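Take a look at the structure below.
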Number of protein chains: 2
Amino acid sequence: MDSGRYFSFAGGPAGSWSVFKIATVIGAALPIVERLEILDGHPPADIAPQWVLRGVTSNERYVTRAEKGLLVAKQAGLGRPQAKLGAVIPIRKNAAWWSMTQDERRAILEEQSHHIHTGLKYLPAIARRLHHCRDLGRDLATPEAPEPFDFITLFDYAPEHAAAFEDLVGELRATEEWKYVDREIDIRIARERGK
Amino acid sequence: MDSGRYFSFAGGPAGSWSVFKIATVIGAALPIVERLEILDGHPPADIAPQWVLRGVTSNERYVTRAEKGLLVAKQAGLGRPQAKLGAVIPIRKNAAWWSMTQDERRAILEEQSHHIHTGLKYLPAIARRLHHCRDLGRDLATPEAPEPFDFITLFDYAPEHAAAFEDLVGELRATEEWKYVDREIDIRIARERGK
């Protein structure tokens, strides 16, 4: 894998984001932590997080060229100065989802659930980055610990768009696609003043 | 990741397959080895391979339900007693491939290059298993060593189908899809008598 695609989300006593909510939407909970660090690569050895989630950015799996054109025209990058609020939402989909073929998953994701077009409505207010975890190899150091989620999405936005963000996650959770989600944690984070 | 999807291909002085050819089709060569072990999981610490390639089996990326029905009806599993010959073919695709959207990659792979239907013609004589490497996380033990390939396909077949196997790889290499392959190694293996 080329460098720059691998990210770690380390929850614990230290980190540049403060965690103000960890809600279990469905499935097993994740331990509550006070802070979160989002790292390019592995966490350094000198921080001792309570948990670490890992993911890689990857090629488009469902988006068509026409949709990609619409997204690129509207989207903003993460890390804008006004984007002082964020969310990290790890989800897992069930075996029924993963046993479907590409055409079946695309039909549920977009033609039935309008996932791509729902996200598009909230651009550029809500910035996002999708990370894949399902096919991550297990680390040699922890061969018995598979990744607990299939995807991690990181969002950030200005406080004035907090209500719009609730609408976005609410719309997605009401879709046919979300019936295949069997674990979801909603972690809300805020950037520290001056960071 | 659930267990049972992660495989290692360890080339070196030991292994249950003998290597009778390692041909560089395009890109950088891979060091010649005498034997290959194909392992479910990581190689055990007591074998010292010259190189290890890793991959995970995953969900369908291009196949439709209709195509899947045709494949499942004809395909055979790996490891049949008569399948004494095999091939391990790691490939990497270039940045142009990975920057395409799903509809663009599907159009090249199947509508232009007939990849799925070409494979179908050679079933059940040629059995195969596809492993993905591109999104594998880097091991904590070797954080600076990204996986060198995007895919590894393992094939096995009876000696009487060796010519058919040459036809299969020849047909695929002549396609539009293969113009995006920038590294390919063709490793031919044979099962030892009695193993």
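No value in this document is a laboratory result; all are computed from the given coordinates. Worth saying up front: this structure is predicted, and the values here are computed from it rather than measured. In this analysis, Cβ positions are derived from the backbone assuming ideal geometry, glycine residues included, and neighbour counts consider all displayed protein chains.
Worth pointing out:
- Counting every C-alpha pair in segment B:1-114, the share spaced more than 26 angstrom apart comes to 37%.
- The modelled label-to-label distance for the pair A:Ala73/B:Ser99, using points 7 Å beyond Cα in the direction of Cβ, is 2.0 nm.
- Kirkwood Rh (inverse of mean 1/r, distinct Cα pairs), segment A:36-102, angstrom: 16.1 Å
- Backbone N under 16 Å from the A:Glu34 label point (7 Å along Cα→Cβ), restricted to segment A:79-100: none
- Computed from the C-beta positions of B:Arg65 and A:Arg61 and an R0 of 22 Å, the FRET efficiency is 0.85 to the nearest 0.05.
- Between B:Leu130 and B:Ala162, the contour length at 0.36 nm per residue exceeds the Cα-Cα span by 9.6 nm.
- Each Cα pair under 8 Å and six or more residues apart adds its separation to the average, and for chain B the resulting relative contact order is 34 percent.
- Dipole magnitude of segment B:1-60, debye to nearest 20 (Cβ charges: Lys/Arg +1, Asp/Glu -1, about Cα centre): 200 debye
- Charged-residue dipole, Cβ positions (Lys, Arg, Asp, Glu), chain B about Cα centre, Debye nearest 20: 420 debye
- Helical content of chain B, expressed as a calculated mean residue ellipticity at 222 nm, amounts to -5000 deg cm²/dmol (DSSP H runs of 4 or more residues, -39,500 (n - 2.57) each, divided by residue number, nearest 500).
- Between segment A:43-105 and segment A:147-195, the alpha-carbon center distance in angstrom: 10 Å
- Spacing of the two label points (7 Å from each Cα toward its C-beta) at A:Lys21 and B:Leu120, in nm: 4.9 nm
- Per-q log10 I(q)/I(0), segment B:36-195, q = 0.09, 0.13 Å⁻¹ (Debye; single scatterer per alpha-carbon; no solvent): -0.32, -0.69
- Rg of the Cα atoms in the protein assembly as shown, relative to 2.2 N^0.38 Å, amounts to 1.06.
- For the set B:Lys68/B:Lys93; A:Lys74/A:Lys179; A:Lys93/A:Lys179, the pairs lying more than 19 angstrom apart at their alpha carbons are B:Lys68/B:Lys93; A:Lys74/A:Lys179.
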